[in-house]
1. Lys/Arg Cβ at +1, Asp/Glu Cβ at -1, dipole of the chain taken about the Cα centre: which of 44, 58, 3 is farthest positive-ward?
2. Give, as a single signed number, the net charge of other residues whose beta carbon lies under 12 Å from the beta carbon of residue 17, with Lys and Arg counted +1 and Asp and Glu -1.
3. Positive end of the dipole of the range 23-110, charges at C-beta (+1 Lys, Arg; -1 Asp, Glu), about the Cα centre: which of 104, 82, 33 has its Cα farthest in that direction?
4. Calculated from the structure, Kirkwood radius over Cα pairs in Å equals which of (i) 15.9; (ii) 15.1; (iii) 17.6?
5. For residue 108, go through the lysines and keep the ones whose alpha-carbon is under 19 Å away, minus same-chain ones fewer than eight residues off.
6. When only C-alpha pairs under 8 Å and at least 6 residues apart count, what is the relative contact order of the range 26-143, in percent?
7. Using the Karplus equation 6.51 cos²θ - 1.76 cosθ + 1.60 (θ = phi - 60°), what ³J(HN,Hα) coupling, rounded to whole Hz, does each residue of the range 93-99 give in order, writing x for Gly and Pro?
8. Can you list the lysines whose alpha carbon is less than 20 Å from that of residue 135, not counting same-chain residues fewer than 8 positions off?
Amino acid sequence: MAQEYEQLLLKNQLCFPLYACGRKIVSAYTPFLKPLGITYTQYIVFMVLWEEESVRVGQLGSTLHLDAGTLTPLLKKLEKEGYVTRKRSKEDERVTVVSITEKGMALKEKCKDIPVELSKQGSKLTKEETEHLYKLLYKYLEG
C-alpha cells in the first residue's frame with residue numbers, strides 16, 4: 001500500500017515513544033504505590049511537598065505540568081484523606097496554598113525505597129544514556 005502521508009506514519013512520530021515510555025514508567029510504579037493507596041500523580045505531588053512543605057497551587061501545577069482540572073480534584077482527595085491542607089494565602093486571597101500534614105510526611109518513609117527498587121528493575125540504557133535522556137527531556141519540556 002502506498003503511503004501518501006509519511007508524516008502520519010506511527011514510526012515517524014516522536015510523540016508515540018514518549019507516550020509509550022510514560023505509560024511503561026507509570027506502570028512500573030503501580031505495584032509500589034497501589035499498596036499505599038496512591039497514584040503516580042499523587043506521588044509526584046508528594047515529592048514536591050516533601051521538599052517544599054508548602055507551595056502555591058499554581059506553582060505546584062507549573063512544576064508538575066498539571067492543569068487545574070487535574071490538580072484540584074487530586075488535592076481535594078488528598079485533603080479529605082488528611083495528607084494535605086489547602087488554605088487561602090493571607091497576602092492574596094486569590095491564591096491557594098497547599099501544605100503537607102504530619103500524615104503526609106509520614107508517607108515519605110514508606111516511599112523512600114521506591115526509586116531504589118525501580119532502579120533495580122534495570123533499563124537497557126547506560127548511566128550516561130540515562131543522564132543524557134534526562135537532560136533532553138527537560139530541554140524538550142522547556143521548549
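None of the figures in this text is laboratory data; all of them are computed from the coordinates on show. Everything numeric here is computed off the predicted structure, so don't read it as measured data. Glycine gets a Cβ as well: all are built from the backbone with ideal geometry, and neighbour counts include every protein chain shown.
1. So the residue we want is 44.
2. Details: positive: 11, 23, 24; negative: none.
Once all neighbours under 12 Å are counted, the net charge is +3.
3. Checking the options against the dipole of the range 23-110, the answer is 33.
4. Checking each listed value against the structure points to (iii).
5. Answer for residue 108, where 19 Å is the Cα cut-off: 34, 77, 80, listed by chain and number.
6. Working: 86 pairs, mean separation 26.4, N = 118.
Result for the range 26-143 is 22 percent.
7. 4, 6, 9, 9, 10, 9, 10
8. Partners within reach: 24, 124, 127.
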